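J.: For reference, the structure I am asking about is given below.
The values are calculated or read from the model by the stated rules, or taken from the named source; none is laboratory data. Note that the structure is predicted; figures quoted are calculated from it, not measured. Note that we place each Cβ from the backbone using ideal geometry, even for glycine, and neighbour counts take in every protein chain shown. Just the protein is used for accessible areas: all its heavy atoms, side chains included, with ligands, DNA and RNA removed. Shrake-Rupley method; radii C 1.70, N 1.55, O 1.52, S 1.80 Å.
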Amino acid sequence: MTLTKKPETRPTASSWGLSAGGAPWDYAPAPEATDHVTIEPEYGLFIGNRFAPSKPRKTFTVINPATEEPLAKVAHASKADVHRAVTIAREAHRSSWSKLSGRDRAKYLYRIARILQERSREFAVVESLNSGKPIKESRDVDVPLAAAHFFYYAGWADKLDYAFPNRQPRSLGVAGQIIPWNFPLLMLAWKIAPALAAGNTVVLKPASTTPLTAYLFADVVQQADLPPGVVNIITGPGEIGMELVRHPDVRKVAFTGSTAVGKMIARAVAGTDKKLTLELGGKAANIVFDDAPLDQAIEGIINGIYFNQGEVCCAGSRLFVQESVHEPLIDKLKARLGTLRVGDPMDKNTDVGAINSAGQLAKVEELVQSGIDEGAEIFQPDCELPTKGFFFRPTLFTGVSQSHRIAQEEIFGPVLSVLTFRTPEEAIEKANNTPYGLSAGVWTEKGSRIFKMVAAMKAGVVWANTFNRFDPTSPFGGYKESGHGREGGIHGLAAYLDVSGDGANTR
Ligand code: NDP
């Protein structure tokens, strides 16, 4: 064997991302292939393991937010369709699913998880086409995590008696589940996996802008040969979601979405014996102390707010910086913002894709304008945006005060509001000064300070020296107007079970 000495390497212009002349290299386009994916021209409702048109037949069009071109037509469910779906789900619970052993339910869940893995490229492409999120995120985050949720809850299906000892856990019946458009497949997995593991059947309503991966999932349900009626998927506007919530045979309601709709659902469920979990909005504080490793924090801040175009309930949309490091941190942040690639979600190099809808883009624009009008200082990198589609530049506001709307309201877009603080007490006071309480982040080298901050933050999830980390084993949920109940982990399972010991909540 001949060993050749490796040449000594020095940073060259190209290894710094510069051409020999000093101008930055541009990335070559790296489009993800779509030829392995079939999107049907029209999708019917998925009830009892069959696709069928709504009654009366009515459809609406789903578009690609990055091009504004139509992708497919989907069924617009009627009140009668909701009733049909719930009735079939109830019958499936009574006659088959609740009678299966946990071990057999687990086999189905494992089968779904494996099919999701096998068909992951297909799911990632459809998710990005329909939602506008970058393909590298749907490929590396949404789809693998969705499969992980099914694997995780498959593991619990035959161990419910160990999870809740001496409580005789029993399934509830039909779960009515309503999910949003920011993580369409992942939210589906968060809802369906624990429900099925616990022995319930489901009727799920995806958001109207992003139903395609739910219908692709329906295909997986057929492929996995689930008994008919265990998983039903219906599409239609918000009122159809409310019909589902109000249906007397729905025993458990799970909702993820805006706080406004969450409150309406809470009112509709009040006074009934339905179980309810609400995962609503957020305005997370990401707090950087002066001893934090700044470069690492920059990556956490970027991931915290520009991941998924900031359309994340737990996005780190309020950045609190200790005054002594404010200047260097903002300089670094602006430089990093300039390197984000905004554009075609189907390009593997894209960091920030399209906003999900024209309506959401208008909301982001309106709130950003309010920030300017109220006197905050705006910074946006000088990047070119595609001429079609719903795109918005990554945005940074400095000079923000607590009373500004951009510090109070959930923007749900790639917009970061920066505030400052001097002491840990001031950071806690300001961070907790919000109606929300979903998540938070703390950046410091001091372990004791992390514990102090975590204990004081009124947030369901607090990340330390990282941000936006998700794991199916870990419960996720909010305080205050961010909702109640937990999804993920054993807590997420409890929400789908009657653990009263007397079966009072089951039907
Ligand atoms: P919504 O809360 O309206 O939508 C979420 C889901 O609820 C969708 O499936 C929607 O259906 C359904 N829905 C809407 N109205 C009703 C109703 N009256 N009864 C039952 N279900 C209903 O969110 P938006 O899409 O309007 O987004 C508005 C804002 O909400 C965003 O800007 C963001 O701030 C926040 N949001 C927070 C999310 C989170 O993860 N916490 C997720 C999405 C939004 P349809 O799509 O057919 O309207």
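J.: Pull out the extension gain between Ser258 and Ala80, defined as 0.36 nm times the separation in residues minus the alpha carbon to alpha carbon distance; nm, one decimal.
T.: Values: separation 178, 0.36 × 178 = 64.08 nm, distance 2.60 nm.
Gain on extension, Ser258 to Ala80, equals 61.5 nm.
J.: For Ser403 paired with Gln369, estimate the spin-label separation in nm (one decimal), with each label point 7 Å from Cα along the Cα-to-Cβ line.
T.: Output for this residue pair reads 2.3 nm.
J.: Next up: Region 174-256: percent of C-alpha pairs farther apart than 20 Å?
T.: For region 174-256, the fraction of Cα-Cα distances above 20 Å is 24 percent.
J.: What trypsin sites (Lys or Arg not before Pro) in region 349-447 are in a loop by DSSP, with at most 14 other Cβ atoms within 10 Å of the Cβ? Don't skip to the answer; put the middle values down first.
T.: On the way: sites: Lys363, Lys388, Arg405, Arg422, Lys430, Lys446; in loops: Lys388, Arg422, Lys446.
Sites meeting the loop and neighbour criteria: Lys388, Arg422, Lys446.
J.: Something else about it: State which entries of Lys55/Lys263; Lys191/Lys263; Lys205/Lys275; Lys133/Lys275; Lys283/Lys458 exceed 22 angstrom in Cα-Cα distance in the structure shown.
T.: Numbers: Lys55/Lys263 30 Å; Lys191/Lys263 19 Å; Lys205/Lys275 17 Å; Lys133/Lys275 32 Å; Lys283/Lys458 12 Å.
Exceeds cut-off: Lys55/Lys263; Lys133/Lys275.
J.: When Lys and Arg each count +1 and Asp and Glu each count -1, what net charge do the other residues less than 15 Å away from Arg341, Cβ to Cβ, add up to? Intermediate results must be reported in sequence, preceding the final value.
T.: Numbers: positive: Lys133, Lys136, Arg336, Lys348, Arg393; negative: Asp26, Glu32, Glu137, Asp344, Asp347, Asp351, Asp382, Glu384.
Computed value for this residue: -3.
J.: Could you tell me the calculated FRET efficiency between Asp140 and Thr473, based on Cβ-Cβ distance and R0 = 30 angstrom, to the nearest 0.05?
T.: On the way: r = 19 Å, r/R0 = 0.64.
The pair Asp140/Thr473 has a calculated efficiency of 0.95.
J.: Using the Cβ atoms and a cut-off under 14 Å, what net charge is assigned to the surroundings of Val143, where Lys and Arg are +1 and Asp and Glu are -1? Intermediate results must be reported in sequence, preceding the final value.
T.: Values: positive: Arg114, Arg119, Arg121, Lys133, Lys136, Arg139; negative: Glu32, Glu118, Glu122, Glu127, Glu137, Asp140, Asp142.
Local charge sum for Val143: -1.
J.: Which residues' amide hydrogens lie under 5 Å from the amide hydrogen of Thr466, considering only partners 5 or more residues apart or on another chain, with H built in the peptide plane?
T.: Val442
J.: A further question on this structure: Any chance you could check the Cα centroid distance between region 268-325 and region 427-501 for me, in angstrom?
T.: 10
J.: Only residues of region 386-430 count here: report those whose backbone N is under 17 Å from the spot 7 Å along Cα→Cβ of Lys452, or say none.
T.: Residues 421-430 fall inside that zone.
J.: Work out the FRET efficiency for Lys348 and Thr466 from their Cβ-Cβ distance, taking R0 = 35 Å, and round it to the nearest 0.05. Intermediate results must be reported in sequence, preceding the final value.
T.: Details: r = 24 Å, r/R0 = 0.68.
Computed FRET efficiency for Lys348 and Thr466 comes out at 0.90.
J.: Report the local net charge at Gly102: Lys and Arg +1, Asp and Glu -1, summed over other residues whose C-beta lies under 9 Å from its C-beta. Numbers along the way, then the final one.
T.: Working: positive: Arg103, Arg105, Lys159; negative: Asp104, Asp158, Asp161.
With Lys, Arg at +1 and Asp, Glu at -1, the net is 0.
J.: While we're on this one: Pop a pseudo-label 7 angstrom from the Cα along the beta-carbon direction at both Glu118 and Val499 and give the gap in nm to one decimal.
T.: 3.5
J.: Under the 0.36 nm per residue contour assumption, what length would be gained going from the current alpha-carbon distance of Asp382 and Arg103 to full extension?
T.: On the way: separation 279, 0.36 × 279 = 100.44 nm, distance 5.59 nm.
This chain segment gains 94.9 nm when fully extended.
J.: Shifting gears a bit: Run the simple label-point estimate for Glu429 and Gln222 please: 7 Å along Cα→C-beta, distance reported in nm.
T.: Placing both labels 7 Å along Cα→Cβ, they lie 6.1 nm apart.
J.: Each residue of region 110-118 in order: what ³J(HN,Hα) in whole Hz does its phi give by Karplus 6.51 cos²θ - 1.76 cosθ + 1.60, θ = phi - 60°, with x for Gly and Pro?
T.: 4, 5, 4, 4, 5, 5, 4, 5, 4
J.: So for region 213-359, Kirkwood radius off the Cα pairs, Stokes-Einstein at 25 °C and 0.890 mPa s: how many µm² s⁻¹? Don't skip to the end; give the middle numbers.
T.: On the way: Rh = 19.1 Å.
Answer from the Stokes-Einstein relation: 128 µm²/s.
J.: Would you mind finding the longest exposed-site-free stretch of the chain, with exposed GluC sites (Glu not before Pro) meaning DSSP loop and at most 14 other Cβ atoms within 10 Å? Before the final figure, lay out the partial values.
T.: Values: sites that count: Glu8, Glu68, Glu384, Glu445.
The longest uninterrupted stretch comes out as 69-383.
J.: Nearest 5 percent is fine: what portion of the DSSP beta bridges confined to the chain is antiparallel? Each step should come with its number before you reach the end.
T.: Values: 20 of 61 bridges.
Taking every DSSP beta bridge within the chain, about 35 percent pair in antiparallel fashion.
J.: So, one more: Leaving out ligands, DNA and RNA, what percent of the accessible area of the chain is carbon and sulfur, probe 1.4 Å? Don't skip to the end; give the middle numbers.
T.: Details: 11050 of 21010 Å².
The nonpolar share, carbon plus sulfur, comes to 53 percent.
J.: If you line up the Cα atoms of the chain on their principal axes, what length do they span on each, largest first, in Å?
T.: 70, 62, 52
J.: Ok, one more. Convex hull volume of the Cα atoms in region 215-264, per residue, in Å³? List each step's numbers first, then the result.
T.: Working: hull volume 5.2 nm³, N = 50.
Spelled out: Cα convex hull of region 215-264, divided by residues, is 103 Å³.
J.: Could you tell me what a quarter of the Cα convex hull surface of region 299-444 works out to, in nm² with one decimal place?
T.: Details: hull surface 34.5 nm².
Reported value for the Cα convex hull: 8.6 nm².
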